[in-house]
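Reviewing the structure listed below.
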Amino acid sequence: MTRLTEYLLPTEKQAPADAEAISHKLMVRAGLVRQMGAGIWTWLPAGWRVHQKVVQVVREEIDAIGGREMLMPVLQPAELWRKTGRLQIDELFKLQDRKGSELVLAMTHEEAVTFHAAQTIDSYRDLPLILYHFQVKERDEPRPRAGVLRTREFVMKDSYSFDRDQGGLEERYALHVGAYDRIMARTGLRFYRVESDVGMMGGIGAHEYMAPCAAGEDDVVIGEGYAANVEVARNDPRVQCVAGADGGVVAGGKAGGGERWTRDGQALTLEPAIEIGNIFKLGTRYSEKLGATYLDEHGTALPIWMGSYGIGPARIVAAAVEQFADEHGIAWPVALAPFAVHLVALGRPATPERDAADGLYDTLLAAGVDVIYDDREAGPGEKFADAELLGCPVRLTVGRRSLESGEIELQLRRGRRDGPALPLGGEPAALVRALDELCQSLP
RNA sequence: CGGGGAGUGGCGCAGUCUGGUAGCGCACCCGGCUGGGGGCCGGGCGGUCGCAGGUUCAAAUCCUGUCUCCCCGACCA
(Lines give C-alpha, C1' and ligand atoms only; values in the text may rest on other atoms or scores of the structure.)
Protein backbone atom coordinates (compact mmCIF):
# COMPACT_ATOMS: atom_id res chain seq x y z
CA MET A 1 0.00 0.00 0.00
CA THR A 2 1.83 3.06 -1.13
CA ARG A 3 -0.59 5.89 -1.36
CA LEU A 4 1.03 9.20 -0.55
CA THR A 5 -1.82 10.03 1.86
CA GLU A 6 -0.78 7.01 3.91
CA TYR A 7 2.95 7.55 3.65
CA LEU A 8 5.61 9.79 5.19
CA LEU A 9 7.31 11.81 2.48
CA PRO A 10 8.15 15.20 4.04
CA THR A 11 9.28 17.21 1.02
CA GLU A 12 10.62 20.74 1.39
CA LYS A 13 10.74 23.64 -1.02
CA GLN A 14 13.88 24.97 0.58
CA ALA A 15 16.98 23.02 1.40
CA PRO A 16 18.52 23.26 4.86
CA ALA A 17 20.56 26.47 4.97
CA ASP A 18 23.75 24.66 5.91
CA ALA A 19 23.56 22.12 3.09
CA GLU A 20 26.20 22.48 0.42
CA ALA A 21 26.37 19.25 -1.58
CA ILE A 22 23.67 18.55 -4.16
CA SER A 23 22.92 15.15 -2.67
CA HIS A 24 22.63 16.67 0.79
CA LYS A 25 20.13 19.28 -0.38
CA LEU A 26 18.06 16.99 -2.58
CA MET A 27 17.91 14.00 -0.28
CA VAL A 28 16.57 16.20 2.50
CA ARG A 29 14.23 18.11 0.20
CA ALA A 30 12.85 14.91 -1.32
CA GLY A 31 12.01 13.53 2.11
CA LEU A 32 14.53 10.67 1.97
CA VAL A 33 16.68 11.46 5.00
CA ARG A 34 16.75 13.73 8.04
CA GLN A 35 19.67 14.74 10.22
CA MET A 36 19.87 14.15 13.95
CA GLY A 37 23.41 15.34 14.69
CA ALA A 38 26.79 15.81 13.03
CA GLY A 39 27.21 12.78 10.80
CA ILE A 40 24.13 11.13 12.30
CA TRP A 41 21.23 10.50 9.94
CA THR A 42 17.86 8.83 9.81
CA TRP A 43 16.63 7.19 6.62
CA LEU A 44 12.95 7.94 6.12
CA PRO A 45 10.71 5.39 4.38
CA ALA A 46 11.35 6.42 0.77
CA GLY A 47 15.07 6.86 1.36
CA TRP A 48 15.34 3.49 3.05
CA ARG A 49 13.69 1.88 0.03
CA VAL A 50 16.49 3.25 -2.15
CA HIS A 51 19.10 2.08 0.33
CA GLN A 52 17.55 -1.37 0.41
CA LYS A 53 17.53 -1.57 -3.38
CA VAL A 54 21.28 -1.09 -3.37
CA VAL A 55 21.58 -3.66 -0.59
CA GLN A 56 19.64 -6.21 -2.62
CA VAL A 57 21.81 -5.73 -5.71
CA VAL A 58 24.91 -6.17 -3.57
CA ARG A 59 23.47 -9.22 -1.84
CA GLU A 60 22.65 -10.93 -5.11
CA GLU A 61 26.13 -10.42 -6.52
CA ILE A 62 28.01 -11.45 -3.38
CA ASP A 63 25.78 -14.52 -3.06
CA ALA A 64 26.60 -15.28 -6.68
CA ILE A 65 30.33 -15.61 -5.91
CA GLY A 66 29.60 -17.88 -2.98
CA GLY A 67 29.36 -15.35 -0.17
CA ARG A 68 27.56 -16.51 2.97
CA GLU A 69 25.51 -13.80 4.66
CA MET A 70 25.64 -13.53 8.43
CA LEU A 71 25.49 -10.81 11.10
CA MET A 72 28.18 -9.76 13.54
CA PRO A 73 27.74 -7.34 16.45
CA VAL A 74 28.68 -3.67 16.54
CA LEU A 75 29.32 -3.74 20.28
CA GLN A 76 32.56 -5.64 20.86
CA PRO A 77 35.07 -6.33 23.63
CA ALA A 78 37.97 -3.90 23.50
CA GLU A 79 40.36 -6.78 24.12
CA LEU A 80 39.93 -8.05 20.58
CA TRP A 81 41.09 -4.71 19.23
CA ARG A 82 43.96 -4.55 21.64
CA LYS A 83 45.23 -7.80 20.16
CA THR A 84 45.29 -6.44 16.63
CA GLY A 85 46.81 -3.17 17.73
CA ARG A 86 43.87 -1.07 16.57
CA LEU A 87 42.48 -0.08 19.95
CA GLN A 88 44.26 3.26 19.94
CA ILE A 89 42.75 4.41 16.63
CA ASP A 90 41.21 7.84 17.22
CA GLU A 91 38.18 7.09 15.05
CA LEU A 92 37.27 4.08 17.18
CA PHE A 93 34.45 4.77 19.66
CA LYS A 94 35.33 3.37 23.09
CA LEU A 95 33.01 2.89 26.03
CA GLN A 96 32.52 1.00 29.25
CA ASP A 97 29.63 -1.04 30.50
CA ARG A 98 28.18 -0.74 34.02
CA LYS A 99 30.85 -3.03 35.41
CA GLY A 100 33.58 -0.94 33.88
CA SER A 101 34.42 -3.48 31.19
CA GLU A 102 35.95 -1.90 28.12
CA LEU A 103 34.00 -2.11 24.91
CA VAL A 104 34.23 -0.57 21.46
CA LEU A 105 31.77 0.17 18.68
CA ALA A 106 33.09 -1.56 15.60
CA MET A 107 34.28 0.67 12.77
CA THR A 108 34.85 -2.40 10.59
CA HIS A 109 34.72 -6.13 11.27
CA GLU A 110 38.10 -7.71 10.61
CA GLU A 111 38.57 -8.40 14.32
CA ALA A 112 35.16 -10.00 14.72
CA VAL A 113 35.25 -12.16 11.65
CA THR A 114 38.81 -13.32 12.30
CA PHE A 115 37.90 -14.14 15.90
CA HIS A 116 35.23 -16.47 14.58
CA ALA A 117 37.43 -17.84 11.86
CA ALA A 118 39.94 -18.79 14.54
CA GLN A 119 37.23 -20.66 16.43
CA THR A 120 35.47 -22.36 13.58
CA ILE A 121 37.88 -22.92 10.71
CA ASP A 122 40.09 -25.89 11.49
CA SER A 123 41.06 -27.58 8.28
CA TYR A 124 42.08 -26.88 4.71
CA ARG A 125 38.80 -28.66 3.97
CA ASP A 126 36.94 -25.63 5.41
CA LEU A 127 38.57 -23.34 2.86
CA PRO A 128 38.02 -21.32 0.79
CA LEU A 129 35.21 -19.32 2.38
CA ILE A 130 33.55 -15.96 1.89
CA LEU A 131 31.55 -14.49 4.78
CA TYR A 132 29.73 -11.19 4.69
CA HIS A 133 27.15 -9.03 6.35
CA PHE A 134 25.38 -5.70 6.12
CA GLN A 135 26.05 -4.00 9.40
CA VAL A 136 26.33 -0.56 10.94
CA LYS A 137 29.81 0.89 11.28
CA GLU A 138 30.61 3.53 13.87
CA ARG A 139 33.46 5.94 13.23
CA ASP A 140 34.33 9.03 15.23
CA GLU A 141 35.12 11.04 12.13
CA PRO A 142 37.02 14.26 12.71
CA ARG A 143 34.77 15.97 10.24
CA PRO A 144 31.50 14.48 9.00
CA ARG A 145 30.27 16.30 5.90
CA ALA A 146 27.98 16.53 2.90
CA GLY A 147 24.83 14.84 4.16
CA VAL A 148 25.13 11.06 4.04
CA LEU A 149 28.42 11.13 2.13
CA ARG A 150 30.59 11.10 5.23
CA THR A 151 28.82 10.09 8.42
CA ARG A 152 29.82 8.72 11.79
CA GLU A 153 27.35 5.86 11.55
CA PHE A 154 26.57 4.02 8.34
CA VAL A 155 25.70 0.61 6.99
CA MET A 156 28.41 -1.21 5.12
CA LYS A 157 28.46 -4.46 3.26
CA ASP A 158 31.72 -6.00 4.29
CA SER A 159 32.83 -9.39 3.11
CA TYR A 160 35.87 -11.35 4.15
CA SER A 161 37.58 -14.13 2.26
CA PHE A 162 39.53 -17.00 3.77
CA ASP A 163 42.04 -19.03 1.80
CA ARG A 164 44.88 -21.42 2.46
CA ASP A 165 47.46 -19.48 0.47
CA GLN A 166 48.13 -16.36 -1.53
CA GLY A 167 46.99 -18.00 -4.75
CA GLY A 168 43.62 -18.68 -3.19
CA LEU A 169 43.39 -15.10 -1.99
CA GLU A 170 44.09 -13.88 -5.51
CA GLU A 171 41.17 -16.02 -6.73
CA ARG A 172 38.76 -14.72 -4.08
CA TYR A 173 39.97 -11.22 -4.83
CA ALA A 174 39.33 -11.67 -8.53
CA LEU A 175 35.84 -12.97 -7.76
CA HIS A 176 35.17 -9.80 -5.78
CA VAL A 177 36.47 -7.63 -8.60
CA GLY A 178 33.95 -9.32 -10.88
CA ALA A 179 31.11 -8.98 -8.37
CA TYR A 180 31.91 -5.34 -7.67
CA ASP A 181 32.11 -4.52 -11.36
CA ARG A 182 28.65 -6.08 -11.82
CA ILE A 183 27.24 -4.32 -8.77
CA MET A 184 28.42 -0.92 -9.95
CA ALA A 185 27.19 -1.56 -13.47
CA ARG A 186 23.78 -2.63 -12.19
CA THR A 187 23.36 0.50 -10.07
CA GLY A 188 23.65 2.54 -13.24
CA LEU A 189 26.40 4.73 -11.80
CA ARG A 190 29.37 6.14 -13.61
CA PHE A 191 32.32 4.64 -11.77
CA TYR A 192 36.00 3.76 -11.96
CA ARG A 193 37.98 0.98 -10.40
CA VAL A 194 41.30 2.43 -9.40
CA GLU A 195 44.41 1.04 -7.83
CA SER A 196 44.73 2.45 -4.37
CA ASP A 197 47.44 3.01 -1.90
CA VAL A 198 47.61 0.03 0.45
CA GLY A 199 48.82 2.51 3.03
CA MET A 200 48.58 1.76 6.72
CA MET A 201 46.52 -1.34 6.10
CA GLY A 202 49.81 -3.02 5.35
CA GLY A 203 48.15 -5.24 2.80
CA ILE A 204 49.49 -6.57 -0.45
CA GLY A 205 47.14 -4.96 -2.94
CA ALA A 206 43.99 -2.90 -3.04
CA HIS A 207 41.52 -1.23 -5.35
CA GLU A 208 38.92 1.43 -4.79
CA TYR A 209 35.68 1.93 -6.65
CA MET A 210 35.16 5.61 -7.25
CA ALA A 211 32.05 7.45 -8.44
CA PRO A 212 32.85 10.81 -10.00
CA CYS A 213 30.69 13.68 -8.75
CA ALA A 214 30.97 17.30 -7.71
CA ALA A 215 30.86 16.53 -4.00
CA GLY A 216 33.75 14.10 -4.35
CA GLU A 217 36.39 14.16 -1.64
CA ASP A 218 39.19 12.51 -3.59
CA ASP A 219 40.67 13.21 -6.97
CA VAL A 220 40.91 10.53 -9.62
CA VAL A 221 43.24 10.74 -12.59
CA ILE A 222 41.61 9.31 -15.68
CA GLY A 223 42.79 8.52 -19.20
CA GLU A 224 42.26 6.01 -21.96
CA GLY A 225 42.42 2.66 -20.14
CA TYR A 226 43.84 4.25 -17.00
CA ALA A 227 42.33 5.39 -13.74
CA ALA A 228 44.12 5.95 -10.45
CA ASN A 229 43.99 7.90 -7.25
CA VAL A 230 46.10 11.01 -7.40
CA GLU A 231 48.33 9.59 -4.68
CA VAL A 232 48.98 6.48 -6.74
CA ALA A 233 49.33 8.42 -9.97
CA ARG A 234 52.00 10.61 -8.43
CA ASN A 235 54.10 7.51 -7.77
CA ASP A 236 53.67 6.15 -11.31
CA PRO A 237 56.85 6.80 -13.31
CA ARG A 238 54.83 6.88 -16.55
CA VAL A 239 52.62 9.66 -15.23
CA GLN A 240 53.70 13.28 -15.40
CA CYS A 241 52.12 16.16 -13.57
CA VAL A 242 53.05 19.65 -14.64
CA ALA A 243 51.80 23.01 -13.50
CA GLY A 244 49.32 24.63 -15.82
CA ALA A 245 49.43 28.00 -17.52
CA ASP A 246 47.64 29.69 -14.66
CA GLY A 247 50.49 28.99 -12.32
CA GLY A 248 49.41 25.57 -11.17
CA VAL A 249 48.28 26.62 -7.77
CA VAL A 250 45.60 24.17 -6.72
CA ALA A 251 43.18 25.45 -4.15
CA GLY A 252 42.91 22.58 -1.74
CA GLY A 253 42.97 18.99 -2.90
CA LYS A 254 39.95 19.23 -5.16
CA ALA A 255 40.22 18.78 -8.90
CA GLY A 256 40.07 21.79 -11.13
CA GLY A 257 43.38 23.39 -10.34
CA GLY A 258 45.89 24.36 -12.93
CA GLU A 259 47.71 21.02 -13.09
CA ARG A 260 48.10 19.15 -16.36
CA TRP A 261 48.51 15.40 -16.20
CA THR A 262 49.91 13.07 -18.84
CA ARG A 263 50.75 9.38 -19.05
CA ASP A 264 53.24 8.35 -21.70
CA GLY A 265 52.56 11.76 -23.20
CA GLN A 266 48.82 11.15 -23.38
CA ALA A 267 46.58 13.69 -21.67
CA LEU A 268 44.83 12.67 -18.47
CA THR A 269 41.93 14.36 -16.75
CA LEU A 270 41.44 14.96 -13.06
CA GLU A 271 38.00 14.44 -11.56
CA PRO A 272 36.64 14.67 -8.01
CA ALA A 273 35.04 11.40 -6.93
CA ILE A 274 33.75 9.62 -3.88
CA GLU A 275 34.84 6.21 -2.74
CA ILE A 276 31.89 3.83 -2.90
CA GLY A 277 33.75 0.58 -2.38
CA ASN A 278 37.16 -0.81 -1.64
CA ILE A 279 38.80 -4.19 -1.74
CA PHE A 280 41.94 -5.24 0.12
CA LYS A 281 44.23 -8.21 0.08
CA LEU A 282 44.91 -8.44 3.79
CA GLY A 283 47.20 -11.42 3.75
CA THR A 284 47.81 -13.00 7.16
CA ARG A 285 48.04 -9.88 9.29
CA TYR A 286 44.81 -10.47 11.20
CA SER A 287 44.85 -14.26 11.17
CA GLU A 288 48.29 -14.31 12.74
CA LYS A 289 47.37 -11.86 15.48
CA LEU A 290 44.15 -13.64 16.35
CA GLY A 291 45.34 -17.18 15.83
CA ALA A 292 43.20 -18.02 12.81
CA THR A 293 45.00 -21.04 11.46
CA TYR A 294 44.08 -24.21 9.62
CA LEU A 295 45.73 -27.60 9.39
CA ASP A 296 47.00 -28.61 5.97
CA GLU A 297 47.24 -32.16 4.62
CA HIS A 298 50.38 -32.77 6.66
CA GLY A 299 48.83 -31.60 9.91
CA THR A 300 50.76 -28.36 9.86
CA ALA A 301 49.04 -25.27 11.28
CA LEU A 302 49.19 -22.34 8.85
CA PRO A 303 47.72 -18.84 8.98
CA ILE A 304 44.65 -18.22 6.87
CA TRP A 305 45.05 -15.78 3.98
CA MET A 306 42.40 -13.11 4.17
CA GLY A 307 40.81 -10.44 2.03
CA SER A 308 38.46 -7.64 3.05
CA TYR A 309 35.87 -6.06 0.77
CA GLY A 310 33.62 -3.10 1.57
CA ILE A 311 30.75 -1.27 -0.08
CA GLY A 312 28.83 1.69 1.30
CA PRO A 313 25.23 1.61 0.06
CA ALA A 314 24.58 5.13 1.36
CA ARG A 315 27.41 6.48 -0.72
CA ILE A 316 26.09 4.72 -3.79
CA VAL A 317 22.72 6.36 -3.14
CA ALA A 318 24.28 9.80 -2.67
CA ALA A 319 26.52 9.36 -5.71
CA ALA A 320 23.50 8.49 -7.85
CA VAL A 321 21.76 11.65 -6.67
CA GLU A 322 24.87 13.71 -7.41
CA GLN A 323 25.40 12.23 -10.85
CA PHE A 324 21.88 12.41 -12.19
CA ALA A 325 20.14 15.34 -10.54
CA ASP A 326 18.89 18.25 -12.58
CA GLU A 327 17.34 21.59 -11.59
CA HIS A 328 14.03 19.88 -10.81
CA GLY A 329 15.33 17.22 -8.49
CA ILE A 330 16.59 13.66 -8.46
CA ALA A 331 16.54 11.39 -11.52
CA TRP A 332 17.19 7.87 -10.26
CA PRO A 333 18.61 5.03 -12.25
CA VAL A 334 15.86 2.39 -12.49
CA ALA A 335 17.75 0.01 -10.23
CA LEU A 336 17.82 2.45 -7.31
CA ALA A 337 14.56 4.36 -7.60
CA PRO A 338 12.38 4.25 -4.49
CA PHE A 339 9.53 3.36 -6.83
CA ALA A 340 9.62 2.49 -10.50
CA VAL A 341 6.41 4.35 -11.23
CA HIS A 342 5.00 7.56 -9.78
CA LEU A 343 1.26 7.78 -10.48
CA VAL A 344 -0.23 11.26 -10.26
CA ALA A 345 -3.98 11.68 -9.91
CA LEU A 346 -5.07 15.18 -10.89
CA GLY A 347 -8.81 15.22 -10.31
CA ARG A 348 -10.52 15.92 -7.05
CA PRO A 349 -11.94 12.99 -5.11
CA ALA A 350 -15.24 11.63 -6.41
CA THR A 351 -14.70 12.79 -9.97
CA PRO A 352 -14.56 10.42 -12.94
CA GLU A 353 -10.87 11.19 -13.51
CA ARG A 354 -10.04 10.38 -9.90
CA ASP A 355 -11.98 7.17 -10.13
CA ALA A 356 -9.97 6.29 -13.21
CA ALA A 357 -6.70 7.01 -11.38
CA ASP A 358 -7.82 4.94 -8.39
CA GLY A 359 -8.70 2.11 -10.71
CA LEU A 360 -5.33 2.29 -12.42
CA TYR A 361 -3.57 2.24 -9.06
CA ASP A 362 -5.46 -0.87 -8.02
CA THR A 363 -4.54 -2.52 -11.30
CA LEU A 364 -0.85 -1.70 -10.94
CA LEU A 365 -0.82 -2.78 -7.32
CA ALA A 366 -2.49 -6.09 -8.12
CA ALA A 367 0.07 -6.69 -10.87
CA GLY A 368 2.93 -6.11 -8.46
CA VAL A 369 4.16 -2.92 -10.11
CA ASP A 370 6.49 -0.91 -7.87
CA VAL A 371 4.30 2.19 -7.67
CA ILE A 372 3.76 5.25 -5.47
CA TYR A 373 0.35 6.86 -5.86
CA ASP A 374 -0.09 10.59 -5.30
CA ASP A 375 -3.69 10.60 -4.13
CA ARG A 376 -3.35 13.79 -2.11
CA GLU A 377 -5.72 16.72 -2.41
CA ALA A 378 -3.10 19.03 -3.83
CA GLY A 379 -2.81 21.07 -6.99
CA PRO A 380 -1.16 19.71 -10.12
CA GLY A 381 1.86 21.96 -9.76
CA GLU A 382 2.66 20.68 -6.33
CA LYS A 383 2.21 17.07 -7.39
CA PHE A 384 4.40 17.36 -10.46
CA ALA A 385 7.05 19.25 -8.52
CA ASP A 386 7.16 16.59 -5.81
CA ALA A 387 7.29 13.83 -8.41
CA GLU A 388 10.27 15.45 -10.07
CA LEU A 389 11.95 16.04 -6.73
CA LEU A 390 11.55 12.38 -5.74
CA GLY A 391 12.77 11.29 -9.16
CA CYS A 392 11.07 8.01 -9.98
CA PRO A 393 11.95 7.02 -13.57
CA VAL A 394 8.40 6.84 -14.93
CA ARG A 395 5.60 9.27 -14.15
CA LEU A 396 2.04 8.40 -15.07
CA THR A 397 -0.63 11.09 -15.02
CA VAL A 398 -4.36 10.59 -15.00
CA GLY A 399 -6.61 13.64 -15.22
CA ARG A 400 -9.50 14.95 -17.18
CA ARG A 401 -7.45 14.94 -20.36
CA SER A 402 -6.79 11.24 -19.91
CA LEU A 403 -10.51 10.55 -19.97
CA GLU A 404 -10.92 12.61 -23.13
CA SER A 405 -8.02 10.98 -24.93
CA GLY A 406 -8.37 7.52 -23.41
CA GLU A 407 -4.67 7.57 -22.59
CA ILE A 408 -2.50 7.56 -19.52
CA GLU A 409 0.14 10.21 -19.98
CA LEU A 410 3.67 9.02 -19.42
CA GLN A 411 6.77 11.09 -18.79
CA LEU A 412 10.30 9.86 -18.25
CA ARG A 413 12.13 11.60 -15.42
CA ARG A 414 15.50 11.63 -17.15
CA GLY A 415 15.30 14.60 -19.45
CA ARG A 416 11.60 15.01 -18.68
CA ARG A 417 10.74 13.49 -22.05
CA ASP A 418 7.25 12.33 -22.93
CA GLY A 419 7.15 8.57 -23.22
CA PRO A 420 4.68 6.36 -25.04
CA ALA A 421 1.17 7.02 -23.74
CA LEU A 422 -0.62 3.92 -22.47
CA PRO A 423 -4.27 3.06 -23.06
CA LEU A 424 -6.54 3.87 -20.13
CA GLY A 425 -8.75 0.99 -19.15
CA GLY A 426 -6.94 -1.44 -21.39
CA GLU A 427 -5.92 -4.99 -20.67
CA PRO A 428 -3.99 -4.95 -17.34
CA ALA A 429 -1.52 -7.61 -18.45
CA ALA A 430 -0.62 -5.64 -21.55
CA LEU A 431 -0.24 -2.46 -19.50
CA VAL A 432 2.09 -4.10 -17.02
CA ARG A 433 4.10 -5.69 -19.83
CA ALA A 434 4.50 -2.32 -21.51
CA LEU A 435 5.69 -0.74 -18.25
CA ASP A 436 8.10 -3.57 -17.57
CA GLU A 437 9.59 -3.31 -21.03
CA LEU A 438 9.91 0.41 -20.68
CA CYS A 439 11.71 0.11 -17.35
CA GLN A 440 14.03 -2.55 -18.74
CA SER A 441 15.01 -0.15 -21.49
CA LEU A 442 15.81 2.70 -19.12
CA PRO A 443 19.24 3.27 -17.56
C1' C B 1 43.14 19.72 15.58
C1' G B 2 43.80 24.96 12.78
C1' G B 3 40.76 28.79 10.25
C1' G B 4 35.87 30.86 9.12
C1' G B 5 30.47 31.10 9.86
C1' A B 6 25.76 30.12 12.35
C1' G B 7 22.08 28.78 16.48
C1' U B 8 14.87 32.84 16.86
C1' G B 9 7.98 27.50 15.55
C1' G B 10 8.78 21.68 10.91
C1' C B 11 11.83 24.60 6.59
C1' G B 12 13.85 29.48 5.02
C1' C B 13 14.61 34.23 7.35
C1' A B 14 14.08 39.50 9.83
C1' G B 15 14.71 41.60 14.62
C1' U B 16 20.56 42.02 18.04
C1' C B 17 24.55 47.43 16.33
C1' U B 18 20.86 51.51 19.41
C1' G B 19 17.57 46.66 25.76
C1' G B 20 11.08 48.16 26.40
C1' U B 21 5.49 42.29 26.33
C1' A B 22 8.72 37.98 19.45
C1' G B 23 7.68 39.01 13.63
C1' C B 24 7.56 37.51 8.09
C1' G B 25 7.28 33.72 3.92
C1' C B 26 6.43 28.51 3.30
C1' A B 27 4.34 24.32 5.70
C1' C B 28 0.21 22.84 9.11
C1' C B 29 -5.40 23.33 10.93
C1' C B 30 -10.64 25.43 9.72
C1' G B 31 -13.98 27.71 5.90
C1' G B 32 -14.64 29.18 0.85
C1' C B 33 -12.95 29.66 -4.27
C1' U B 34 -9.69 27.33 -7.95
C1' G B 35 -8.40 22.69 -10.48
C1' G B 36 -2.89 20.32 -16.07
C1' G B 37 3.00 23.13 -13.21
C1' G B 38 4.39 24.73 -6.01
C1' G B 39 -3.02 29.10 -7.29
C1' C B 40 -6.39 32.83 -4.41
C1' C B 41 -9.27 34.98 -0.08
C1' G B 42 -10.46 34.89 5.11
C1' G B 43 -9.69 32.85 9.99
C1' G B 44 -6.37 29.96 13.25
C1' C B 45 -2.54 26.57 15.94
C1' G B 46 2.50 26.51 17.05
C1' G B 47 8.43 29.55 19.65
C1' U B 48 11.77 28.42 27.60
C1' C B 49 14.95 33.26 20.94
C1' G B 50 20.81 26.52 21.96
C1' C B 51 22.01 26.22 27.40
C1' A B 52 23.85 28.36 32.16
C1' G B 53 25.18 32.46 34.93
C1' G B 54 25.60 37.82 35.25
C1' U B 55 24.27 43.30 34.45
C1' U B 56 19.50 45.99 34.51
C1' C B 57 13.25 48.38 36.69
C1' A B 58 13.37 45.48 32.04
C1' A B 59 17.56 40.95 27.97
C1' A B 60 16.45 37.49 21.56
C1' U B 61 19.34 42.17 22.07
C1' C B 62 24.68 43.85 26.69
C1' C B 63 28.74 40.73 29.54
C1' U B 64 30.99 35.82 30.91
C1' G B 65 31.06 30.73 30.32
C1' U B 66 29.43 26.52 27.79
C1' C B 67 27.06 23.24 24.15
C1' U B 68 25.70 22.33 19.23
C1' C B 69 25.71 22.65 13.86
C1' C B 70 27.85 24.03 8.97
C1' C B 71 31.96 25.30 5.56
C1' C B 72 37.50 25.21 4.25
C1' G B 73 41.96 22.65 5.61
C1' A B 74 44.49 18.50 8.18
C1' C B 75 42.81 13.43 8.91
C1' C B 76 40.18 9.29 6.66
C1' A B 77 42.85 1.08 8.89
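Quick notes
- Filter result for the condition that a residue is within 16 Å of RNA strand B (Cβ to nearest atom) and either part of a helix (DSSP H, G or I) or more than 23 Å from the chain's Cα centre (by Cα) (or both), over A:ALA350, A:ALA320, A:ALA331: A:ALA350
- The listed residue being over 20 Å from the mean Cα position of the chain (by Cα) and either modelled with pLDDT of 95 or more or hydroxyl-bearing (Ser, Thr, Tyr) (or both), out of A:ARG182, A:ARG164, A:ARG143, A:ARG186: A:ARG164
- Some residue of region A:407-419 being more than 29 Å from A:LYS13 (Cβ to Cβ), more than 11 Å from RNA strand B (Cβ to nearest atom) and in a helix (DSSP H, G or I): no
- Of the residues making up region A:87-132, those that are under 23 Å from A:GLN166 (Cβ atoms) and either charged (D, E, K, R) or in contact with a Gly (Cβ under 8 Å, 6 or more places away or on another chain) (or both) are A:THR108, A:GLU110, A:GLU111, A:ALA118, A:ASP122, A:ARG125, A:ASP126, A:LEU127, A:PRO128, A:ILE130, A:LEU131, A:TYR132.
- Failed condition for A:LEU71, given (1) more than 13 Å from RNA strand B (Cβ to nearest atom); (2) more than 20 Å from the chain's Cα centre (by Cα); (3) not in a helix (DSSP H, G or I): (2)
- Qualifying residue in region A:376-385 (condition: surrounded by 16 or more Cβ atoms within 10 Å (Cβ to Cβ), within 29 Å of the chain's Cα centre (by Cα) and not in a helix (DSSP H, G or I)): no
- Residues in region A:139-152 that are outside any loop (DSSP other than H, G, I, E, B) and crowded, with 19+ Cβ neighbours inside 10 Å: A:ARG150 only.
- Yes/no for A:LYS94 being within 14 Å of RNA strand B (Cβ to nearest atom), charged (D, E, K, R) and either in a helix (DSSP H, G or I) or farther than 25 Å from A:ALA320 by Cα (or both): yes
- Only listed residue being among the hydrophobic types (A, V, I, L, M, F, W, C) and crowded, with 20+ Cβ neighbours inside 10 Å, chosen from A:ALA267, A:ALA292: A:ALA292
The values are calculated or read from the model by the stated rules, or taken from the named source; none is laboratory data. Values in this document were obtained by computation on a predicted structure and should not be read as measured data. For neighbour counting, all protein chains shown are included, and Cβ atoms are generated from backbone atoms with ideal geometry for every residue, glycine included.
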